[in-house]
Amino acid sequence: IAERYEPLMKFLASVGAPLPPALETATDFILHADLRKQFESDGPLNLDRLRALIRDASVRGTQVLDSDLSYIIRDKMDRLMLRIADRPQDLECMHVLEQVAALVRPLPLGLNLWKVQNTYWAMLQTVMPSMRQDAAQGDPQAQAWLRQFLALGEQLHFAVPPSHDHAAEQPHQQAA
């Protein structure tokens, strides 16, 4: 139904007219189901598809963004963070979690990410010191890891303690 009437729905939206209730219900149901499918999947997330779905869901509001979806998103983020803790060198997974956090944190979902944040904190205390040391010695993989880990921390609203050597975390800039 949603696919068949998509042109009509876009037209109605462009002129500021409300959707007929039946189309509104079908659209909300499909959008919720698509978001749920994305986050419940054990496979890799399609970030482009996820961005589009979240953009549409933001417009629909609480009809789609409910506590059920909040739980599913939190669970996915918990699983991603545990995977990172098990395999800290998995920069791709860390990047995906960072992108997911950037997409969902602004949504009115009331996400409680205490498990993700606790795991991040533990890695901050255990893994990051050795990575900082390796990065300070010029290891490019450790430098990339630090940049990605700090970017993830920023999305999780962590104030990462400053290091004594910021050169390992920042790309080298030439003086003008």
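The values are calculated or read from the model by the stated rules, or taken from the named source; none is laboratory data. Note that the structure is predicted; figures quoted are calculated from it, not measured. Because the Cβ atoms are built from the backbone with ideal geometry, glycine has one as well, and the counts that use them run over all protein chains shown. Please note that ligands, DNA and RNA were not included when accessible areas were found on the heavy atoms of the full protein model with its side chains. Shrake-Rupley method; radii C 1.70, N 1.55, O 1.52, S 1.80 Å.
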Legend entry - Residue satisfying condition, being surrounded by fewer than 18 Cβ atoms within 10 Å (Cβ to Cβ) and within 30 Å of Gln125 (Cα to Cα), within set Arg49, Arg79: Arg79
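Any idea how many residues of the range 147-162 are more than 30 Å from Leu65 (Cβ to Cβ) and under 18 Å from the mean Cα position of the chain (by Cα)?
Qualifying residue count, the range 147-162: 1.
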Inset, instruction - Give the range 9-32 a look and list any residue that's surrounded by fewer than 12 Cβ atoms within 10 Å (Cβ to Cβ) and either closer than 21 Å to Leu107 by Cβ or of a type in the set (S, T, N, Q) (or both), or say none. - result: Ser14
Inset, instruction - Read through the list (1) under 16 Å from Gln63 (Cβ atoms); (2) surrounded by 10 or more Cβ atoms within 10 Å (Cβ to Cβ), then give the number of the only condition that Glu6 fails. - result: (1)
Legend entry - Residues of the range 93-114 classified as in a loop (DSSP other than H, G, I, E, B), free of Cβ contacts under 8 Å to residues at least 24 places away in the same chain and open to solvent by less than 30 Å² (accessible area, probe 1.4 Å), total: 0
Legend entry - Qualifying position, being open to solvent by 70 Å² or more (accessible area, probe 1.4 Å) and out of contact with any Phe, Trp or Tyr (no Cβ under 7 Å at 6 or more places or on another chain), among Arg60, Arg36: Arg36
Legend entry - Lone qualifier among Leu47, Leu53, Leu107, Leu97 - being over 17 Å from Gln155 (Cβ atoms) and within 14 Å of the chain's Cα centre (by Cα): Leu53
Inset, instruction - Output the number of residues of the range 122-142 satisfying the condition of being part of a helix (DSSP H, G or I) and either under 22 Å from the mean Cα position of the chain (by Cα) or within 20 Å of Leu111 (Cβ to Cβ) (or both). - result: 4
Inset, instruction - For the range 10-39, enumerate the residues that are within 16 Å of Lys76 (Cα to Cα) and among the polar types (S, T, N, Q). - result: Gln38
Legend entry - Check on Asp90, open to solvent by less than 40 Å² (accessible area, probe 1.4 Å), acidic (Asp, Glu) and out of contact with any His (no Cβ under 7 Å at 6 or more places or on another chain): yes
